[in-house]
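Working notes, beginning with the structure itself.
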Amino acid sequence: MTTSLLEVRGATKIFARGLVRKQITVALREFSLAIPHEPPVIATIAGESGSGKTTLARLVLGFLSPTSGQILYKGKELTSLSRSEWFDYRREVQAIFQDPYEVYNPFYRVDHVLQVVIEKFRLAQGRQASRALMEESLQVVGLRPGEILGKYPHQLSGGQRQRIMLARAFLLKPRLIVADEPVSMLDASLRAMVLDIMLKLKRDFGISFLYITHDLSTAYQISDTLCILYRGAVAEIGRAGAIIETPKHPYTQLLVESIPVPHPRLKWRGLIELPPEQEIGTVSTSGCAFADRCPHVMAVCRASPPPLFAVGEDQSAACYLYASAATAAETATGARGGPH
């Protein structure tokens, strides 16, 4: 049995606050995902604000530990990694974040961001070798070293700063990059440029991505697999094209309908009714997280969380609407002499 490069296995993260009357927030509930060794993939996690996307990213990066479940890298749980294994993990699993300015120290030239990585991981010896490595990584992400090196962060655009962060990650030749909303603060042209670089790193250098976003348009453009989160629970998961083109879960349908159509004669009819902020995280764990907003809600939806039902060859939805179809499929498989 081949192990995955990264596997999230039944991960749940619960936050509690308050000494006397504790308030419990279920940020992530029974989440599972596997990213293979080969081929490289872009696995996207999408959902509204408060759906658990960033919590998942922090779990994968080791900034948080799951309340229950496991995060495994090459078959080994993160909590059991030795010091040397953690060092390797930090090298092979990199991150880029939403704000391309906050990660910079305004008192240092941008060279410092790259130089720190080279020194910490001993990637090159000597100033000349370090400079050559910096120039190579900048060129890979479409930047001209002569226009970048020696500059301060405020002298560069947001797109340049974000591409420098991609160059910084590329220096280490990682196996996986966790990209948490990397293009949400960029305009449309720069957004397309950064997404193209991600595709290039995947295609030419075998780097996989865990792409965190609230934008289904960009998810559709670059993703191999797509997972829709709602209040910490998986609503739908599978091949990105199948989910966007034929969404099955009522929540996914609502999200897809909200994507503006680029046609001047077609009016945008999409509208997402977000719950009040105080409701996020306080949803009952006894039933479906989407029950209060679902037009198809049934008694069983409030009684217990729905499992994932297969709704296509490469698509599963956590919705009891598909329970009977799944049962019928299992019955048909059994009648043909398939596995029971």
Test for L172: is it within 27 Å of T218 (Cα to Cα) and among the hydrophobic types (A, V, I, L, M, F, W, C): yes
Residue check, A43 of a type in the set (G, A, S), crowded, with 20+ Cβ neighbours inside 10 Å and closer than 26 Å to R175 by Cα: yes
Within segment 131-175, work out how many residues are touching a residue at least 60 places away in the same chain (Cβ under 8 Å) and either hydroxyl-bearing (S, T, Y) or surrounded by fewer than 19 Cβ atoms within 10 Å (Cβ to Cβ) (or both). 1
Here are some residues: F15, F31. Which one is assigned to a strand (DSSP E or B), farther than 22 Å from R91 by Cβ and either of a type in the set (K, R) or within 15 Å of the chain's Cα centre (by Cα) (or both)? F31
The lone exception for V116 - which of (1) within 23 Å of D204 (Cβ to Cβ); (2) of a type in the set (A, V, I, L, M); (3) under 27 Å from the mean Cα position of the chain (by Cα) it fails: (1)
Criterion: closer than 30 Å to D292 by Cβ, out of contact with any strand residue (DSSP E or B) (no Cβ under 8 Å at 6 or more places or on another chain) and among the aliphatic types (A, V, I, L, M) - qualifying residue of L254, L190, L216, L226: L254
Regarding R265, is this residue among the basic types (K, R) and either more than 30 Å from I197 (Cβ to Cβ) or at pLDDT below 90 (or both)? yes
A careful count of residues in segment 79-134 that are of a type outside the set (F, W, Y) and assigned to a helix (DSSP H, G or I) gives 27
Lone qualifier among R239, R231 - being at positive phi and either touching a strand residue (DSSP E or B) at 6+ places or on another chain (Cβ under 7 Å) or modelled with pLDDT of 90 or more (or both): R231
Residue pairs, Cβ under 7 Å, 6 or more apart or interchain, first in segment 314-325 and under 16 Å from V297 (Cβ atoms), second at pLDDT 90 or above and β-branched (V, I, T). List them. A317/V311; A318/V234; Y320/V300; Y322/V311
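Between V41, V20, V93, V103, which is in contact with a helix residue (DSSP H, G or I) (Cβ under 8 Å, 6 or more places away or on another chain), among the β-branched types (V, I, T) and at pLDDT below 90?
V103
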Considering A124, A95, which residue is in contact with a Ser or Thr (Cβ under 6 Å, 6 or more places away or on another chain), at negative phi, crowded, with 16+ Cβ neighbours inside 10 Å and of a type outside the set (S, T, N, Q)? A124
Out of the residues in segment 177-199 that are touching a residue at least 60 places away in the same chain (Cβ under 8 Å) and in a helix (DSSP H, G or I), state the one that is surrounded by the most Cβ atoms within 10 Å (Cβ to Cβ). M198
Can you tell me which residues in segment 139-161 are out of contact with any Phe, Trp or Tyr (no Cβ under 9 Å at 6 or more places or on another chain) and part of a helix (DSSP H, G or I)? Q139, P145, G146, E147, I148, Q155, G159, Q160
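Every residue, every condition in (1) acidic (D, E); (2) under 22 Å from V60 (Cα atoms); (3) in contact with a strand residue (DSSP E or B) (Cβ under 7 Å, 6 or more places away or on another chain), yes or no:
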site	(1), (2), (3)
L138	no, no, no
V141	no, no, no
L201	no, yes, no
S208	no, yes, yes
I222	no, yes, yes
Have a look at Y104, Y89 and point out the one that is in contact with a Phe, Trp or Tyr (Cβ under 7 Å, 6 or more places away or on another chain) and free of Cβ contacts under 8 Å to residues at least 60 places away in the same chain. Y89
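The values are calculated or read from the model by the stated rules, or taken from the named source; none is laboratory data. The structure displayed is predicted, hence computed values, not measured ones. So basically every Cβ, Gly included, is an ideal-geometry build from the backbone, and we count neighbours across all protein chains shown.
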